[in-house]
Amino acid sequence: MDQEIGGRLRKIREQLGISQRQLARQSGVANATISQVEAGKINPTVSMLKKILDGIPRSLGEFFAEDLQPQERIFFRANELIEIAEGGVSYRQVGVSLANKSIQLLKECYQPGAGTGKHELTHEGEECGIVLSGRLEVTVGDEVAVLGQGDAYYFKSSLPHRFRNTGNEACELITACSPPSF
């Protein structure tokens with residue numbers, strides 16, 4: 001999937017007429033890093049890819065659904081959820097295109113030790129989630145909590161935040177973000 005991420009990034013960047021150096025300046029990510037991502041030589045963490053996409057700007061959901069035809073739908077089977085991450089973290093989004101939508105709903109899964117990366121996330125809006133199984137360390141600003149099954153969180157997404165599975169088993173949770181920005 002590294003090649004797919006790199007190819008998608010290059011295609012979008014070129015369609016917008018943005019050079020790698022320009023994207024580096026706009027996103028605050030080193031030009032060499034963007035070059036390696038586009039070449040499929042490195043697999044960006046979720047937070048790194050989000051930071052790169054903020055320079056375009058595109059949400060993770062839009063990035064991964066780019067080639068799909070948006071359809072107005074009401075029901076989605078489990079196998080129709082759109083995967084917008086890879087590796088140790090899985091984000092399965094309800095709906096293909098969230099353009100003109102108010103909420104982004106995800107089923108997330110963090111493998112043991114996996115997280116959103118060393119860079120904290122920030123974006124407009126609010127987000128919340130409830131842990132279905134496993135343990136998840138949630139950092140919001142200066143506050144840190146390890147949440148277990150049935151525990152939940154709710155915060156303004158403009159606060160720096162990150163997530164990490166500190167347990168020995170996969171952590172699954174359902175999350176929502178408004179407006180869609182991930």
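Whats the longest run of the chain with zero trypsin sites (Lys or Arg not before Pro) that are DSSP loop and have at most 16 other Cβ atoms within 10 Å? Could you put the intermediate results ahead of the total?
On the way: sites that count: K41, R73, R77, K101, K118.
Longest run free of exposed loop sites: 119-182.
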Select from S178, G117, L81 the residue farthest towards the positive end of the dipole of the chain; place +1 on Cβ of Lys and Arg, -1 on Cβ of Asp and Glu, and compute about the Cα centre. G117
According to the square roots a ≥ b ≥ c of the eigenvalues of the Cα gyration tensor, what is the shape class of the stretch 73-178, taking rounded for a/c under 1.5, prolate for a/b larger than b/c otherwise, and oblate for the remainder? oblate
Cut-off 10 angstrom, C-alpha nodes, Gaussian network model of the chain. Which of A145, A39, A24 fluctuates the most? A145
Just to verify a number: FRET efficiency for E14 and E80, C-beta to C-beta distance, R0 = 30 Å, to 0.05? 0.50
Taking the Cα centre of the stretch 73-178 as origin, work out the dipole magnitude from +1 charges on Lys and Arg Cβ and -1 charges on Asp and Glu Cβ, in debye rounded to 20. 280
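What is the dipole size for the stretch 2-64, taken about its Cα centre, with +1 at each Lys and Arg Cβ and -1 at each Asp and Glu Cβ, in debye to the nearest 20? Mind dumping the intermediate values first?
Working: 10 positive and 6 negative charges, 32 e Å.
In total the dipole reaches around 160 debye.
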Given Cβ point charges of +1 (Lys, Arg) and -1 (Asp, Glu) and nothing else, what value in debye, to the nearest 20, does the dipole of the chain about its Cα centre take? 480
Counting pairwise Cα distances across the chain, what percent come out greater than 19 angstrom? 58
Where a ≥ b ≥ c are root eigenvalues of the Cα gyration tensor, a/c under 1.5 meaning rounded, otherwise prolate if a/b exceeds b/c and oblate otherwise, the stretch 1-102 counts as prolate
GluC sites (Glu not before Pro) restricted to the stretch 1-103 and DSSP loop, no more than 14 other C-beta within 10 Å: E66, E72
Apply the Karplus parameterisation 6.51 cos²θ - 1.76 cosθ + 1.60, with θ equal to phi minus 60°, to every residue of the stretch 92-100 and state each ³J(HN,Hα) to the nearest whole Hz, in sequence, with x for glycine and proline. 10, 8, 7, x, 8, 10, 9, 4, 6
Most fluctuating residue given options N168, N31, N79, as computed from a GNM of the chain linking Cα atoms under 10 Å: N79
Along the charge dipole of the chain, which of M48, Y91, H161 sits closest to the positive end, that is, farthest toward it, with unit charges on the beta carbon of Lys, Arg, Asp and Glu (+1, +1, -1, -1)? M48
I need the shape label for the stretch 1-59. Rule: rounded when a/c is under 1.5, else prolate if a/b > b/c, else oblate, with a, b, c from the alpha carbon gyration tensor. rounded
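Only the coordinates and a few stated rules stand behind these numbers; no lab work does. What you see is a predicted model; the values in this text were computed from it and never measured. Don't worry about glycine lacking a Cβ; one is built from the backbone with ideal geometry, like all the others, and counts go over all protein chains shown.
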